[in-house]
Amino acid sequence: MKYLYTILLFGFIALGSSFVAEREGDMLVNSKIIKAYPNPATSYIVFEFDKSVDRSYSLQIYAFYGRKMTELHIIDSKININLDDSYMRGLYIYQLVDQSGKIVESGKFQVNK
């Protein structure tokens, strides 16, 4: 019985430490997109960028099935995107892309209409 408790204890420690490492990976030190809110969005979504973000970057939004919905060049530290009728209920992916097309950062948000 003592052996079983020891195995369970080590199992929980191993699982717990992997969740902690994964959570630390979410909080990137070099993150360029500070916030994307509200999430889930209904009629608009706001992206706030770090003040050090390169102005040559663009923000691209894709529907979950791959269709490009929006592409905007970063001109300010905050972008407000109105979600018109082409944005149906569902999951969307955003990507911060540099001039060469390399993805600098990405994430997701949900639209509930």
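Before moving on, here are some points about what is shown:
- Scanning the range 46-81 for residues that are in a strand (DSSP E or B), closer than 15 Å to ILE33 by Cβ and among the hydrophobic types (A, V, I, L, M, F, W, C) returns VAL46, PHE47, PHE49, LEU59, ILE61, LEU72, ILE79, ILE81.
- Applying the set (1) surrounded by fewer than 18 Cβ atoms within 10 Å (Cβ to Cβ); (2) among the hydrophobic types (A, V, I, L, M, F, W, C); (3) under 18 Å from the mean Cα position of the chain (by Cα) to LEU96 leaves exactly one unmet item: (1).
Laboratory data are not the source of any read-out in this text; all were calculated from the coordinates shown. The structure presented is a predicted model; accordingly, all values stated were derived computationally and were not measured. We place every Cβ from the backbone using ideal geometry, glycine too, and count neighbours over all the protein chains shown.
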